Structure formats: structure tokens, C-alpha cells
Amino acid sequence: MKMKDFTINMTQYHAGDIITGTIVMIGSAEVVVAIGGLKEGVFPKEELDAAFKVGDAILVMVTGKIDDKGCLILTHAGVNKALEDKEKLKNLKVGSTLTFMVNEINGSGLLGNFMGYRVFLPFSQCAPEDFINKETLVNREIDAKVIELNNFKKSIVCSTKLMSNTKIQPVGIGDIISGIVIKLEDRFALILLKNGMKAKISIQDVSYKHLNSVSDVLNLNEEYEFKVLDVNTDYSRISVGLKQLQDNPINELFNSLNMGDVVEGEVVKILPVGAVIKLDNGLTALAVTKENSDRANVATHHLYKLHSRVKGEICYLNRDNHKINILTNKKKDI
């Protein structure tokens, strides 16, 4: 083993270590620094300030790499910032304020990094004014307060709500408010509202059309406008809807009907009170048994057969509640 190779292994340096070396040579492309014993390191000449000369002491940072000559590859650029960061980390504790860059969003909150620490900002800890729309969600710098710190795992949980003096604006039934989808399941989605509160939307309130999953309409991390449907007293449960802001296609069908119109359809269900009929236009009507027989107490199945076709005249029409009753040809009880 060569002597230089042996001495390089005598001292263990790690990536990120900041050490003091002595400039021993300034070449055309790189600067050679003595960093202990026979060990040498190099860094690009463009990082060297003109005020430095051979023999001067200089602070350098270890990159963790070795060049083909066996010299440690160093860097001088950014040493001051690294020292500032180390000082910040030394003083980091629960209650400290930090600034981190958001690089990812998941169903629970925002993820980022702070000087080698993994940072998590739960949606529940987001301040109202920090609501972020889909265009600026990622790559945004956020000031937050540390609420959990694990130096062993290098993880931080933080909050912007604790830094905020803004009072959360409550919502009421019927309000229109924007929100971003933070969690998707087949039958429901969780929404982070613009005022910082969480809300839930069920699949039946997403669309007037039949859906297999809420993801047929909603996309994760996208922003939509919702209508508030229900709020409990302490705002711990808020229900919102999307379809309530759209025109119900059934209304158009009901508006095309009038009392006395003749309609046709198929009997799809037999009930004690009457027969449920699926009309050809897609609406559902009820043929009330006692209104369609000359005799009292007649059984519905004596008048109508399942899957048979019937024709009748509209005798009751409620457009607000979407109800239709029809009179079919009256039949004698057998």
C-alpha cells in the first residue's frame, strides 16, 4: 500500500464536515489544500477568493468523494452558509421557527426538508392564510413553528396555525367555499377548506350521475368550489357537496311535463300502496292502487304485474320534490 493511501485512511472525514486546511498550491484549475498529515484535498479554483494565497488557512467542506489521485474532493463555496445552518440546528428545539421548502404533498399534509431533516406540516396544523392552491402547492417556502423534533430520526413536525393571529372564519349551511382534495376514498373524500377547516364529501353529493368512486370526478390535490350542506355545533364535522352547485338534469325533465300528460313505462316494483313505474323518459312515477281501482282494499299485484308496460295520465306533479303520480286505465278487481 502506498504511504499516501495509508495516511488517507488514518483520519475519517465525512460528507458535510467543515475543516481548516492550508493552501499549498493554486493551480490553473484547482486549489490543493493540506488538511492533516500527508493528506491533501482539492477544490475548484473558481471557488477561491482572490485575497487568498499559498500558505493561508482556509475553511473547506468535505464532499465525501475522492479524485483519481486519492485526494479528498472539497468545496469552499457555501461554507459560511453551512456554518450558519449548523448554528441553527444547534439551537433547533420545540417552539423554534424555521423556513422549509415544500417538495411533496400527501393525503395528510405537506412534506419538505430543512438542513437534512424531514419536515412534515399536517393539514390540521395549516393556518387559514396558508391555504395553497394547486398552482403553488409545491416548491413554496413556508415559515412554521416546530411542534415535534426527533434528532435521532432527523424528523420535524411543524405548524403554521401556531404562528397565525388570524381567527378561523366559520362556515354556515349554504355557504360556497373553495377547498383542496387531500384524501380520496371510493365512497368519500376529505377536503381542506380555504378557511383551514376540514370537510367531508360523500359520493352521493359529488355528481347527479352514477359514480363508481369519487375519483371519477375529483382529483387529489386539486381545488374545487363546494356548497356547505351540514355543520355541527363545534365545527368538528362539516359536510359539503359539489353537485349542489350544478343544474340537476332531472329538473329539466320535470319542467317538460304537465298535469294530464300521457306517459308510458315499465312496472319495476310492486308495493302495498301502488306500483312503481320507470317511465320511458327515465323518471319514476307511482300508480297508487286505491286511485286505480273501482274497489277498495284491492291488492296492487291484482292490478299490475312486474315488468309489464302501462300507460297513464299524470294526476299529481311535484317539481320541487320530484314526485309523479299517474292514473292508468281503471281495472275491476278479479
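The values are calculated or read from the model by the stated rules, or taken from the named source; none is laboratory data. Values in this document were obtained by computation on a predicted structure and should not be read as measured data. FYI the Cβ positions are ideal-geometry reconstructions off the backbone, even for glycines, and counts take in every protein chain you see.
For the stretch 258-307, a residue qualifies if it is part of a loop (DSSP other than H, G, I, E, B) and of a type in the set (Ser, Thr, Tyr), and exactly one does: TYR304. In the stretch 1-49, the residue that is modelled with the highest pLDDT out of those that are touching a strand residue (DSSP E or B) at 6+ places or on another chain (Cβ under 7 Å) and among the polar types (S, T, N, Q) is THR22.
Candidates ASP216, ASP247, ASP205, ASP186: the one that is acidic (Asp, Glu) and surrounded by 18 or more Cβ atoms within 10 Å (Cβ to Cβ) is ASP205.
Filtering GLY312, GLY241, GLY260 for residues that are of a type outside the set (S, T, N, Q), touching a Ser or Thr at 6+ places or on another chain (Cβ under 6 Å) and at pLDDT 90 or above leaves a single hit, GLY312. Filtering the stretch 227-257 to residues that are outside any loop (DSSP other than H, G, I, E, B) and in contact with a strand residue (DSSP E or B) (Cβ under 7 Å, 6 or more places away or on another chain) leaves LYS227, VAL228, LEU229, ASP230, VAL231, ILE238, SER239, VAL240, GLY241, GLN244, LEU245.
Taken over the stretch 94-107, the criterion of being within 18 Å of LEU162 (Cα to Cα) and touching a residue at least 60 places away in the same chain (Cβ under 8 Å) is satisfied by THR97, LEU98.
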